[in-house]
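Report on the following structure.
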Amino acid sequence: MKDYNLLVIWLDYFNSNLKRSEGRRVPLSLSVKNPTLDELVKAAKLAGYNPKPFSASFPKRAFTLSGYITIEKVKPKSIVLKEVSKALTMVRSGK
């Protein structure tokens, strides 16, 4: 059953190799090449959330194994995505 108190955040939202029509939801300036689920979990924690990771295929790219995290819904999804993407670029750069 769907839980309306959780946000689902897919790895593909932050992948700079994808077009917007393929599932990327953040600007290229905030995206990274081929993010991993571990990096996404670290970024969500850095942004102040408590993520729960899952391995699954993104619906638009069902042939590729991807993953997602769920976090508690406390802000609009667009704001959460920007916060996590900024943290993801920091995780990727090693800061």
**Prompt:** How do the pairs read when you match residues in region 26-37 that are in a loop (DSSP other than H, G, I, E, B) with residues anywhere that are small (Gly, Ala, Ser), using Cβ under 8 Å and keeping only pairs 6 or more apart or on different chains?
**Reply:** Val26/Ser85; Ser31/Ser16; Ser31/Ser85; Lys33/Ser16
**Asked** Looking at Ser21, is it of a type outside the set (A, V, I, L, M, F, W, C), surrounded by fewer than 16 Cβ atoms within 10 Å (Cβ to Cβ) and in a helix (DSSP H, G or I)?
**Response** yes
**Message:** Glu83 - would you say it is of a type in the set (Asp, Glu), in contact (Cβ under 8 Å) with a residue 24 or more places away in the chain and touching a strand residue (DSSP E or B) at 6+ places or on another chain (Cβ under 7 Å)?
**Reply:** no
**Prompt:** Is it the case that some residue within region 24-37 is closer than 17 Å to Val8 by Cβ, surrounded by fewer than 18 Cβ atoms within 10 Å (Cβ to Cβ), among the hydroxyl-bearing types (Ser, Thr, Tyr) and out of contact with any Cys (no Cβ under 7 Å at 6 or more places or on another chain)?
**Reply:** no
**Prompt:** Residue check: is Thr64 of a type in the set (Val, Ile, Thr), modelled with pLDDT under 95 and on the phi < 0 side of the Ramachandran plot?
**Reply:** yes
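Restricting to region 51-80, what's the tally of residues that are aromatic (Phe, Trp, Tyr), loosely packed, with under 14 Cβ neighbours inside 10 Å and outside any strand (DSSP E or B)?
Of the residues in region 51-80, 1 are aromatic (Phe, Trp, Tyr), loosely packed, with under 14 Cβ neighbours inside 10 Å and outside any strand (DSSP E or B).
The values are calculated or read from the model by the stated rules, or taken from the named source; none is laboratory data. All values reported here derive from a predicted model rather than from experimental measurement. Cβ coordinates were reconstructed from backbone atoms using ideal geometry, including for glycine residues, and neighbour counts include every protein chain displayed.
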